[in-house]
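Right, one structure below, let's go through it.
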Amino acid sequence: MDQFVIEGGAALNGVVTPSGNKNAALPMLAACLMTDQPVVLRNVPAIRDVITMRQLLADLGVCVETIDPHTWRIQAANISKVNPDPELCQQIRASILLAGPMLVRAGELELPLPGGDVIGRRRLDTHFLALNGFGAEVRHNSFIELKAPRGLKGGNILLDEASVTATENAIMAASMAQGVTVLRNAASEPHIQELCQFLNQLGARIKNIGSNTLEIEGVDRLGGGEFTIGADYLEVVSFVGAAAITGGEIRIRNAGPEYLGMVRLVFKRLGVHWIVDGEDILVPTNQSLRVVSDLGGAIPEIKNNIWPAFPTDLMSIAIVIATQCHGSALFHDWMYSGRMFFIDKLAGMGARIILCDPHRCLVQGPAQLLGEKLESPDIRAGMAILLAALAARGTSTIRNIGQIERGYERIDEKLRGLGARIERVGL
């Protein structure tokens, strides 16, 4: 496995274009199972998780052609099997997204338990409760067996939690279920909105996109079409963080600023700001990097929540930025019990940071970070560690970079283009 060697301390400057949103590409690829017509997806990120989903589709008999590295033509003219490769399924959590599409297309699916990041328990119950609501039969042994022998029927579906992937499965199932579905307590992240827009492009009838109550009229069939995936807002914010903590100035092209309202509010509390210029974001050099206290001088709490609140996947980035800010801030991620466990690596680099419990940490800055030998535990913590290495004095080595590259395409090349001293070294 390759590793990154980073000589920190260089201010990053220049222009960068983020890749397409991984979390939009994955459900869209799964949704291509719902039609036998050709679909062209543009701005597909060339990252490991997306490649694995492509392999899963091919394993089911789907034809996927590469028009160019970021444009794929997908046609599920025939489905050859209903039991996808267990080894592929265990590589990504997104394999669960096959459930809704396969039920409407083939009427059944035998799915191994999905893999993915180890950041705490990530329950699957919401998926199966929702699919039960459409009339699917669910059995759980060593495999998950799903069947819809009488087809799926729409109705009033209330999700027991606003799970992103469960919402996506429910949307895809409802799009071809008989009758009208009202889906309540739906998640509404940008990638869910894009999935809805994509399905409507193929002939689905989804209303109230962007809200937590969707009205979906089932259709008999979907057609083909073309769709361009939007920017990965998690990558956009990662570059915002890179500019802020290295003291540089970065323009992020086609950044989708309309989705970043809450992130902007939270980053202002850390003394980080940016300028919106059309579809671009400019992160200037004059960052105060000073924590804004709550009323009465109280230490502020930065807490994640469901969209449009601050997303859990950006908590690691915000924590690293806080290590370089004047003042103290408490970070609270109630969703995942393992999200905070990477902070021991930041402490080893010199960060003044205390793990209060599995869900909370207190950061006091600024601290001079020092180069260290590090391991990437998951996608988001891995990117946060990479940012810390860029700000550190001295040389850092990051192993297990495959975790980072599950979510970030050519990140070393993009950072080098901004002036980072980062090299990929083979073992």
Subject >> Criterion violated by residue 185 - all others in (1) under 19 Å from residue 104 (Cα atoms); (2) open to solvent by 30 Å² or more (accessible area, probe 1.4 Å) satisfied >> reply: (1)
**OP:** Name every residue in the stretch 61-74 that is in contact (Cβ under 8 Å) with a residue 40 or more places away in the chain and within 20 Å of residue 96 (Cα to Cα), in order of residue number.
**Re:** 74
**OP:** Might you check whether a residue that is at pLDDT 95 or above and under 24 Å from residue 413 (Cβ atoms) occurs anywhere in the stretch 87-97?
**Re:** no
Subject >> residue 316 being open to solvent by 30 Å² or more (accessible area, probe 1.4 Å) and of a type in the set (Gly, Ala, Ser) >> reply: no
Original post:
Going by the conditions given, is residue 250 among the aliphatic types (A, V, I, L, M), touching a strand residue (DSSP E or B) at 6+ places or on another chain (Cβ under 9 Å), over 30 Å from residue 154 (Cβ atoms) and not in a loop (DSSP other than H, G, I, E, B)?
Top reply: yes
Original post:
If you take the residues of the stretch 1-28 that are part of a loop (DSSP other than H, G, I, E, B) and of a type outside the set (Gly, Ala, Ser), which of them is modelled with the lowest pLDDT?
Top reply: 1
Subject >> Count - residues of the stretch 29-87 that are assigned to a helix (DSSP H, G or I), among the hydrophobic types (A, V, I, L, M, F, W, C) and open to solvent by less than 50 Å² (accessible area, probe 1.4 Å) >> reply: 10
**OP:** Filter the stretch 208-241 down to residues that are aliphatic (A, V, I, L, M), assigned to a loop (DSSP other than H, G, I, E, B) and touching a strand residue (DSSP E or B) at 6+ places or on another chain (Cβ under 7 Å) and give me whichever is surrounded by the most Cβ atoms within 10 Å (Cβ to Cβ).
**Re:** 229
Subject >> Count of residues meeting criterion [modelled with pLDDT of 95 or more, surrounded by 15 or more Cβ atoms within 10 Å (Cβ to Cβ), in contact with a strand residue (DSSP E or B) (Cβ under 8 Å, 6 or more places away or on another chain) and more than 13 Å from residue 12 (Cα to Cα)] in the stretch 393-427 >> reply: 4
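Can you say whether residue 161 is open to solvent by 20 Å² or more (accessible area, probe 1.4 Å), among the charged types (D, E, K, R), more than 24 Å from residue 41 (Cα to Cα) and not in a loop (DSSP other than H, G, I, E, B), as far as the supplied structure shows?
No, not satisfied.
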Subject >> Per-region count, the stretch 88-108, residues open to solvent by 50 Å² or more (accessible area, probe 1.4 Å), touching a strand residue (DSSP E or B) at 6+ places or on another chain (Cβ under 8 Å) and not in a strand (DSSP E or B) >> reply: 1
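The values are calculated or read from the model by the stated rules, or taken from the named source; none is laboratory data. Just so it is clear, the structure is predicted and the values come from calculations on it, not from any experiment. Quick reminder, even Gly has a Cβ in these numbers, built from the backbone with ideal geometry, and neighbours come from all protein chains shown. We work out accessible area using only protein heavy atoms, side chains counted, and drop any ligands, DNA or RNA first. Shrake-Rupley method; radii C 1.70, N 1.55, O 1.52, S 1.80 Å.
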